[in-house]
Amino acid sequence: MRPRSLNRRTKTRVSLVSRTFVFTIALALPWLGPACLADDADFQRVMAAAVRTAANRVLPSVVAIEIIGTSNTAQGEVEQDAPTSGVIVDIDGHVLASSIVVSSPSASLLVVLPDGTRQAARVVARDHHRDLVLLRIDSTKTLVPIDFTSPNTRAIGQTTIAVGRYGSEASPMISRGVLSAQDRLDGIALQSDARVSPALYGGPLIDLYGNVLGLLIPAIADGGAEESTSWYDSGIAFAIPGDVILRKLDQLKSGRDVKKGLIGIVAKTSDPFQDGTEVAAVRTRSPAESAGLKPGDNVLEIDGTPVRRHQEIRQALGRYDAGETIAVKVEREGNQIDLRITLAESIPPLQPQRLGVITRDETITQGEDQSTQVVVGEVLPGTPADDMLRAGDILLKVRGADLVDSDSLRRLLISAEPEQPIEVRIRRGAMEEVLSITPRSVAGQWLLNFPTAWNADAGEDVETWEVKDLKLPEAPNEAAYVAPTAESKANRLGLLILLLNPGQSSPREVLASTWADVAAKTGAVVCAIAPEDSRRWQPKEIETVVNMTAAVMKQAAISPAAVAVGTTGALAGGSGEAADTMALAVAVSQSTTFFGVAVSAMTRPPGVRLRENEAATSLQLMIPIEKSDELPAWCAAVKSAGYPIVRGGKTTTESLLQWARLLQSI
Amino acid sequence: MRGSRFISVTWLIALFQFVALSGMTVLSQLNAFAQPPLTSWARTAQQRVVKVYGAGGLTGLEAYQSGFLVSPEGHVATAWSYVLDVEPIVLLDDGRRFEAKIVGFEPALELAVLKIEASELPYFPIHEELEPQWGDPILAVSNLFNIATGDEPASVMQGTIATISNLSARRGTFKTPYHGAVLVLDLIANNPGAAGGAVVDSSGRLIGMLGKELRDTATGAWLNYAIPAGVLRKTIGDIIAGRSTTLIDDSTPMLDRDKSHNLAALGLVLIPDVLEITPAYVDEVLEGTPAARANLQPDDLILLVNGKRVESQRSLRSLLRTVDRRDDVEFAIQRESQILPMVLRP
């Protein structure tokens, strides 16, 4: 038993500790009261000071870029010679800016240094993949290069500050936002919600410590003919990451342009977001082919990054460019194989091929499993398939790859080599056979005819089709379409979206007078759309045309693969006018909706970026000429991008609609 | 110390501190010049911002904008615009409706001052020494999109000052007569009905008036800006006091042709002006002229005249028209890749 004195001492010590503790808490507690009436204004001031400190860390390297003497056509809203920003990258006078400064030729490019002096700049090289340009100035002043190497973490939601210089005095300009996302635009850019107006393009995007995250560029997502500056001040801004810029600087300094690297894989799945990285085909004379990639391979990793979908492959390739070699890991028949692929600037363009069949997809249920079979619906007379395939044949494998749907068959034919026999495995009745068919190029003279079954349908009482008005709530455009009535059993119809020239007569009149009867006879719905403004078509109307197309497709049994856009200029004797230019713009920017575009040979091509056909689209161009030497100069770009050009000869309304309906043939 | 007494002492100290600190906070809120919390300076600013209704203009534009009180007797500063083409109606924050008279305006500042018959109204004093900086936090209070009607208060938006710069001119056509310094805002403030709204700093002091829907003539993009309060201060004060406003015109007016410089007199022949924007390249320099004495040469590209950018030959001619024939003219030219300053003396 302890002595009483010891007990008392222990007790006292314990109670002293607890009392001190309570006392301290009691002192601290009241301060929480007013602190909870938090002073937002103080926070704002502290944040403002922090932003200024961070910006001042990079401002000595930030310059303004002025353009003198350029043509006055604006880039959408933004002027062609809008002043923007740039960054000094080394003491030798290299300045990195957004390629918007070289989007059109100018008499002079001036770099305005932080001290206000102006220096003439010359272009050294461009990064076409990331829309950057490297300039050089000769300056005797001491230049402060920006530091792209500063280590920084990238956390979504972290504070980001866009920094630039504005006005004739090149005053500092900032906008604060957060990091919204990474690897945008197929893996090339960071995204921020800072308000980036044109003056900030080419300036750095930094974090709250003044570390550089990237360089701001004007950019928008794919699929529009709009200008890259369309999304200024919209809460969505893009910046090329600093670490990627560092890797490209040496090449740019040596005067060599950087270009996007192509690999040459044709995906099995038409939806790049679907799971699966199987390769359906490998482009001929492509880096993938040279490295030994084979159809049927499943891509596992791109340079160490695991990929599960084709979109992830594209994103992983965003960091790499033509000339770079990457390690690719694939799985082939259960084995893992490592390949080294050197990306190329270009691959010989696609020359889509045709067998001459119209297929349909049928769903087969075997017990628990559901699968899709590709069945031949019709065979077109006079085509390679004519003697070889019959209606009812089930197509199992083409070029060694299993067919999952008609779309996969289409891609295999688009990426096939001209005049090379391909293996087609079919099931006819109870038997399986392997046939060797040599397809014919889609490009060339238009020679196709309807399958006999379709002609038989048309031969009977040609039912009267109705002309109806079409109005969309959001669009002021006048439109009308001629289509079968609701009771009609017609199917596998084609669709021609006819764009009218500004100032032409009303859509209803055009259809009633010229197209209604032919449409009913050939089984192709025709929808005529007039421009909103009676003087011209505008790029923003592309969306309207697409929406109207979707609306018309609901009105009749139209095959999605038989949708074309065209003009009256595509008929023999037509001239190239505003509607033709618009039709090309629509088709090129919406090539997943439109499988064909028919315009006059004298069309003035639109200023739209023509993307390389990557076997994802089937777009073909129809021009009413007879011989290949009559092809206009602008067709060369279309051909080298991989879109076949069909010569319609003396095109009539009937042959044009036949062509539209037969776009669904493979 | 005994337990119970210890506890009571501790609680007394705690209570004392709580009362003291709360008292300080309450006192500071009463003191208009101390730094109140955000919620209070926003509300204070709202009470001084009014809704202005007037004419819709020929093309059916919005017939509303914003304004703010600058005197307790009801002087309202607002943007000089088509809305004021008819005698405007002013709605206060508390919903009271007044017919207003235009008592003064200064188009060169995009400023108009209205007067309503009222008294003891809350108002913004315009301070003299406020020097806002880029990066400073601001609140913009306006009736954007006419979302506030009747006694609903104007809307408060938060942003920062992106930069402070002069509005750039382009080809001599000013879309706004004001071409002094503006506060460019990192905030989408450029909305219908926002013109004339108040921009206040983090202490609730007025630092600017929201500008009209305007495109930046240099870039072509919509501009979010405010005219600094310091620029408006004297004119507002003069109008309130009933004095005639004398604005120092620092613009550069065109002089008569026989009083100003021109290319021929300077001895310059430029390349043929055939494009819409022909760069100002020198084709020939005449002997014995100011240009020859300054050593200008063919193929020189004229970039700046007296510090102002030369975008085309047309703008070069207009700029020369603003310089007195007897004065020196400063050029900045580009020769190959060098930029050289030159002074042409008549």
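Taken together, the values in this text are just the output of simple stated rules run on the coordinates, not laboratory data. Keep in mind that this is a model prediction, so the values were computed, not measured. Methodologically, a virtual Cβ is constructed for each residue, glycine included, from the backbone with ideal geometry; neighbour enumeration extends over all protein chains shown.
Numbers for the structure displayed
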| read-out | value |
| --- | --- |
| For segment A:578-583, Karplus couplings with θ = phi - 60° (6.51, -1.76, 1.60), whole Hz, Gly/Pro x | 4, 5, 5, 4, 5, 4 |
| Cut-off 9 Å between beta-carbons: net charge of the residues surrounding A:A557, Lys and Arg +1, Asp and Glu -1 | +2 |
| Residue order, fewest to most surrounding Cβ atoms within 10 angstrom, among A:S436, A:S406 | A:S436, A:S406 |
| Gyration tensor verdict on segment A:344-455 (Cα atoms; rounded if a/c is under 1.5, prolate if a/b is larger than b/c, oblate otherwise) | oblate |
| Binned Cα-Cα distances of segment A:122-213, short to long, each 10 Å bin given as a whole percent | 14, 41, 37, 8, 0 |
| For the protein assembly as shown, convex hull of alpha carbons as volume per residue, Å³ | 284 |
| Shielding score for A:106-119, defined as the mean number of other chain Cβ atoms within 10 Å | 3 |
| Amide H within-cut-off set for A:V307, under 5 Å, with H built and near neighbours excluded | A:E301, A:I302 |
| Dipole in debye (nearest 20) - segment A:539-666, about Cα centre, beta carbon charges: Lys, Arg +1; Asp, Glu -1 | 120 |
| Likely footprinting exposure, A:Y320, B:Y82, fewest C-beta neighbours within 10 Å first | B:Y82, A:Y320 |
| Cut-off under 5 Å, modelled amide H: who pairs with B:S165 long-range | B:V182, B:V184 |
| Virtual spin-label span in nm between A:A636 and B:I102, 7 Å along Cα→Cβ | 6.1 |
| Ranked by how many other beta carbons lie within 10 Å on average, peptides A:385-393, A:261-269, A:80-88 from highest | A:80-88, A:261-269, A:385-393 |
| Efficiency of FRET from Cβ geometry, A:E77 and A:E333, R₀ 51 Å, rounded to 0.05 | 0.40 |
| 3J(HN,Hα) from dihedral phi, segment B:110-116, Karplus parametrisation 6.51/-1.76/1.60, rounded to Hz, x for glycine, proline | 6, 10, 9, 10, 9, 9, 10 |
| Contact order relative to length of segment A:231-295, as percent, for alpha carbon pairs under 8 angstrom and 6 or more apart | 22 |
| FRET efficiency for B:S40 and B:A118, using Cβ-Cβ distance with R0 set to 35 Å, rounded to 0.05 | 0.90 |
| Loop trypsin sites (Lys or Arg not before Pro), segment A:423-505, which have at most 11 other Cβ atoms in a 10 Å radius of their Cβ (DSSP) | A:K489 |
| Of A:K540/B:K212; A:K268/A:K554; A:K259/A:K639; B:K101/B:K234; A:K294/A:K329, those spanning more than 24 Å from alpha-carbon to alpha-carbon | A:K540/B:K212; A:K268/A:K554 |
| Chain A: angle of helix A:541-553 to the longest principal axis, Cα-based, in degrees nearest 10 | 50 |
| At most 16 other Cβ within 10 Å, DSSP loop - GluC sites (Glu not before Pro), segment A:591-666 | A:E612, A:E626 |
| Estimated distance in nm for a label pair at A:S346 and B:D94, the labels positioned 7 Å out from Cα along Cα-to-Cβ | 7.6 |
| Footprinting exposure proxy for A:D469, A:D297 (fewest neighbouring C-beta atoms within 10 Å first) | A:D469, A:D297 |
| Local net charge near A:D183, Cβ-Cβ under 12 Å (Lys/Arg +1, Asp/Glu -1) | +2 |
| Kirkwood Rh in Å, taken over segment A:322-395 so that all alpha-carbon pairs contribute | 16.6 |
| Efficiency of FRET from Cβ geometry, A:R154 and B:L12, R₀ 51 Å, rounded to 0.05 | 0.45 |
| Extended-chain gain in nm, criterion 0.36 nm per residue less alpha-carbon gap, A:L246 and A:E474 | 77.5 nm |
| Shielding by partners, peptide B:152-165 (average Cβ within 10 angstrom, other chains) | 4 |
| Distant-in-sequence amide H partners of A:G214 (H built 1.01 Å from N, under 5 Å) | A:L205, A:G242 |
| Whether segment B:279-323 is rounded, prolate or oblate, judged on the alpha carbon gyration tensor where a/c under 1.5 counts as rounded | prolate |
| Rounded if a/c under 1.5, otherwise prolate or oblate - segment A:525-581, Cα gyration tensor axes | oblate |
| Cα point-scatterer Debye curve for segment A:518-666, base-10 log of I(q)/I(0) at q = 0.08, 0.11, 0.13, 0.20 Å⁻¹ | -0.19, -0.37, -0.53, -1.39 |
| In order through segment A:185-192: 3J(HN,Hα) via Karplus (6.51 cos²θ - 1.76 cosθ + 1.60), integer Hz, x for Gly, Pro | 6, 6, x, 10, 9, 8, 10, 9 |
| Where Rh is the Kirkwood radius over Cα pairs, Rg/Rh for segment A:202-243 | 1.04 |
| Inverse mean reciprocal Cα-Cα distance (Kirkwood Rh) of segment A:160-293, Å | 17.2 |
